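Note sheet for the following structure.
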Amino acid sequence: MTKPPKIVTDIVKSVSEKLGREAILRKVNNREEYFILDLAFSYFQKADRNRRNDYRSGYLYFKLKNTNHLLFVLAHSPIMTSFFKKNFDYEVFKNIIINTELYRDENSLRFKNKGKQERIKAIDIKEFLNKLDEIEKVGFAKSVFAKDTKGITGTGNIFALSIARGFKGKDINEIIEKSWDLFLWLYPSKPVFQRNASLNRSLNKIENECEISKIKNLPKNILETSCSGQIEGAHIKPHKDGGTDKLDNGLWLCKAHHRLTEGKLEGHRGINTFKVNFKNKRDKRRVRGTRPTI
Ligand SMILES: [Zn+2]
């Protein structure tokens, strides 16, 4: 096998970083097209009645007319399609399309609707989203991942969303990050723990050791707990509360101290500054006393 182009190995690297283990690469026979997958997909597919184990679901890269293309594809994979359909969230799906728009010059989705292959294509994203909204009126997932006459979801079906077209190698990490939910929807259930690759990247200029001793206002029980477990990137303001993955919202903590302080920190940091406090209960009472309760 000829060596895959660097851009492909960079995509594999980026997906591996998100997965927390090595992603695998599958070249499409006789074509310069590459699927980037999780090996776990092969186990899901083996449970398939069709016994197909070519697991063509995941990211697909190819180069056409000197232009880089990255697609998210589900092809002839009943089991994977049923997982994807179950996890699918239309609003999140739309947000992925909006958040990745800057990496492509055209929007495109191929899918099967009422048994027929269709393609929505539009340069203008509003026009593209309007067409998707039309399908959503009757239920997007229900229409696009409909069962066939034999009651099987996804046979002979291709779902292919263009994520990026005409992008550069330097954009890969951002593209994978912003489209990652699609990949997670390929699992039987959404993984609870997502490795936070982008926060870890933001912290790469900070020495990788537990920073617990720099936090102000720590309660006695935490001060008396010694470090244990691996060093992890931790958010000051949690991701679920709108905290970013940028350096100013991150610190390194060991697993033990990460657990004890999760959601209880406030402040910010830079490369040479660190102003992070533990929010103790007394502070909360003070805040409650000065502001009307909503
Ligand atoms: Zn620690």
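The values are calculated or read from the model by the stated rules, or taken from the named source; none is laboratory data. Being a predicted model, the structure only gives us computed values, none of them experimental. Here the Cβ is made from the backbone with ideal geometry for all residues, glycine too, and neighbour counts use every protein chain on show. Just the protein is used for accessible areas: all its heavy atoms, side chains included, with ligands, DNA and RNA removed. Shrake-Rupley method; radii C 1.70, N 1.55, O 1.52, S 1.80 Å.
Observations, loosely collected:
- Note on surface exposure: ARG104, ARG110, ARG259, ARG201 rank ARG259, ARG110, ARG201, ARG104 by accessible area, highest first, 1.4 Å probe.
- P(r) tail, segment 97-151: Cα-Cα pairs separated by more than 18 Å, 37% of all pairs.
- For the chain: accessible area per residue (Å², 1.4 Å): 58
- Pair PHE62, ASN221: separation of 7 Å Cα→Cβ label points (nm): 5.7
- Across q = 0.18, 0.24, 0.25, 0.26 Å⁻¹, segment 197-290 modelled as identical point scatterers on its alpha-carbon atoms has Debye log10 I(q)/I(0) values of -0.78, -1.32, -1.40, -1.49, in the order of the q list.
- Residue pairs, from the table LYS46/LYS85; LYS46/LYS147; LYS94/LYS240; LYS46/LYS142; LYS168/LYS240; LYS85/LYS246, whose Cα atoms sit over 28 Å apart: LYS168/LYS240; LYS85/LYS246
- Projected label distance in nm at GLU134 and LYS275, using a 7 Å step from Cα toward the beta-carbon: 5.3
- Label sites at ASP89 and ARG31, each approximated as a point 7 angstrom past Cα along Cα to Cβ, lie 3.2 nm apart.
- Heavy-atom accessible area with a 1.4 Å probe sorts HIS268, HIS257, largest first, into HIS268, HIS257.
- Coarse-grained scattering of the chain at q = 0.08, 0.09 Å⁻¹, given as base-10 log I(q)/I(0) from a Debye sum over alpha-carbon atoms: -0.45, -0.55
- Note on the chain: with neighbouring protein chains present and a 1.4 Å probe, carbon and sulfur make up 50 percent of its accessible heavy-atom surface.
- Coupling constants for segment 160-173 follow from the phi torsions by the Karplus curve (6.51 cos²θ - 1.76 cosθ + 1.60, θ = phi - 60°), and in residue order they are 9, 9, 6, 8, 8, 8, x, 8, 10, x, 5, 8, 4, 4 Hz; glycine and proline get x.
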